[in-house]
Amino acid sequence: MKVVGGYTNYGQSIGILMLDTAFPRIPGDIGNALTYEFPVRYKIVKGAQPERIMGHSPEKHLLDPFIQAAKELEAEGVKAITTSCGFLSRFQAEIASAVKVPVFTSALMLVPLVHAMLGGTRSIGIFTERAKYMNEEHFRSVGWSSSDIPVVVKGMKDDAIFPSIFIGNKGSLDTAVLSAEMQEMALEFIAENPQAGAIVLECTNMEPFSKLIAQVTGIPVFGINTLASFVQQAINPPQYE
């Protein structure tokens, strides 16, 4: 078997564009490599702090650093690229067109698939930290509209600890406190939307609590880890004997 080189490192098929943060990233979070059963490769986009990404749309002058970082990951040999913040769906087309490998910026890309799985009738909850900033542009940037797919955007309370850590970029967290907030959010959502068929976590920092959310709501929970595992198997198909 002939093996061709060209890179320094191998086996890291999924590249992850990381925001420039210092908060803890526990297992389940996209920024903790223990989350995945396969190797991943990280690239920090300097200057891309959460507050500069999680407004109505990411600051446009940050697009070039994201594109440059994506090109570097491609040059280092990754076979697909994702990001650590679902709000970067606004950059989907630009980043994807700048490289030759697949790019999936946000778990929001899963919404049309989940919609079809639910028969096109039941609503989908979109969990985010800042509901007031999640808008139609984020949806249209990844190929769908809330006028065609019934979604309910569920954000966290203004005084919640969760966003103060991950958007405020604090240096420590208490998992018990965050679990309680996520449980309250999930229970409130399903009480308000008993007809909902699934939940999509826009926020990658909510992924460590996906099992808790599924348990208290009784419906499937999708997120960036779902999508990353899907892409990993697509670019590295299993060998069947």
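Laboratory data are not the source of any read-out in this text; all were calculated from the coordinates shown. Since the structure is predicted, the reported quantities are computational estimates derived from the model, not experimental observations. Positions of Cβ are backbone-derived with ideal geometry, glycine not excepted, and every protein chain shown enters the neighbour counts.
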inquiry  = Amide H of I14 versus every other amide H placed in the peptide plane: which residues, excluding those fewer than 5 positions away on the same chain, fall under 5 Å?
reply    = R41, K79
task = With springs only between Cα atoms under 10 Å apart, run a GNM on the chain and tell me which of I95, I30, I165 wobbles the most.
result = I165
message = List the GluC sites (Glu not before Pro) within region 8-59 that DSSP assigns to loop and that have no more than 10 neighbouring Cβ atoms inside 10 Å.
response = E37
Kirkwood Rh and Cα Rg combined as Rg over Rh, evaluated for region 107-223 = 0.96
ask   = What FRET efficiency would be calculated for the residue pair Y42, Y133, taking the C-beta separation as r and a Förster radius of 30 Å, to the nearest 0.05?
value = 0.75
ask   = Which one of S179, S147, A93 is farthest out on the positive end of the charge dipole of the chain, using unit charges on Cβ (Lys, Arg +1; Asp, Glu -1) and the Cα centre as origin?
value = A93
message = Compute the helix-to-body angle for 175-192: its Cα long axis versus the longest principal axis of the chain, expressed 0 to 90° and rounded to tens.
response = 60 degrees
remark   = Per-residue ellipticity at 222 nm attributable to helices in the chain (runs of n ≥ 4 DSSP H, -39500 (n - 2.57) apiece, nearest 500 deg cm²/dmol) works out to -9500 deg cm²/dmol
message = Let me check against my output: what whole-number percent is the relative contact order of region 39-99, with C-alpha pairs under 8 Å and at least 6 apart?
response = 40 percent
note = Largest-first semi-axes in Å of the equivalent ellipsoid built from the Cα gyration tensor of the chain are 28, 21, 18
remark   = A214 and F230 label points (each 7 Å along its Cα→Cβ direction) are spaced in nm at 1.5 nm
ask   = Taking K and R as +1 and D and E as -1, what net charge do the other residues with C-beta under 13 Å from the C-beta of A96 add up to?
value = +1
ask   = So, by mean Cβ neighbours within 10 angstrom, what's the order for 7-18, 205-216 with the highest one leading?
value = 205-216, 7-18
note = Taking a crude spin-label model, label points 7 Å out from Cα along the C-beta direction, the Y10 to Q183 distance in nm is 4.8 nm
request  = Counting only C-alpha contacts under 8 Å and six or more residues apart, can you give the relative contact order of the chain as a whole percent?
outcome  = 22 percent
